[in-house]
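This report concerns only the one structure given below.
The numbers here are math on the coordinates, done by the rules we state, and not lab data. Since the model is a prediction, treat every value here as computed from it, not as a measurement. Here the Cβ positions follow ideal geometry from the backbone for every residue, glycine too, while neighbour counts run over all protein chains shown.
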Amino acid sequence: MDINAKCEGKLEANAHKLNPRVVIINIPEETSIGNVEDTLLAHNTDVNLKQGDIEAKFSYETRKHTRNQVMGVPRLENCFCTNR
């Protein structure tokens, strides 16, 4: 059943798309932005991800000289109801 029909005209549902990101901490020096997706897919075969589902955004070095990688993950759709 459509959520707007459930709200009976009292509320209006709008779907908002979010672009969540995940930070992977302490990645090896030999892992670059270009090969991090392939490395993650090879090491995590039990997860149902395919090429293009995750995307390397950027990496950065912390004060303790460890490298972290920020990854974009699949879009989620959340529904928020607002008063009319």
Sorted by chain and then number, the residues having a modelled amide H within less than 5 Å of the amide H of LYS57, at least 5 places away or on another chain, are VAL70, MET71, GLY72
Once you list every other residue whose beta carbon is under 12 Å from the beta carbon of GLN51, what net charge do they have if Lys and Arg are +1 and Asp and Glu are -1? -3
With a 10 Å Cβ neighbour count serving as the proxy for reagent exposure, in which order, fewest first, do VAL73, VAL36 appear? VAL73, VAL36
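Excluding LEU41 itself, what net charge comes from residues whose Cβ is under 15 Å from its Cβ, given Lys and Arg +1 and Asp and Glu -1?
-4
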Please arrange ASP46, ASP53 by counting, for each residue, the other beta carbons lying within 10 Å of its beta carbon, fewest first. ASP46, ASP53
Ranked on Cβ counts within 10 Å of their own Cβ, fewest leading, VAL70, VAL47 go VAL47, VAL70
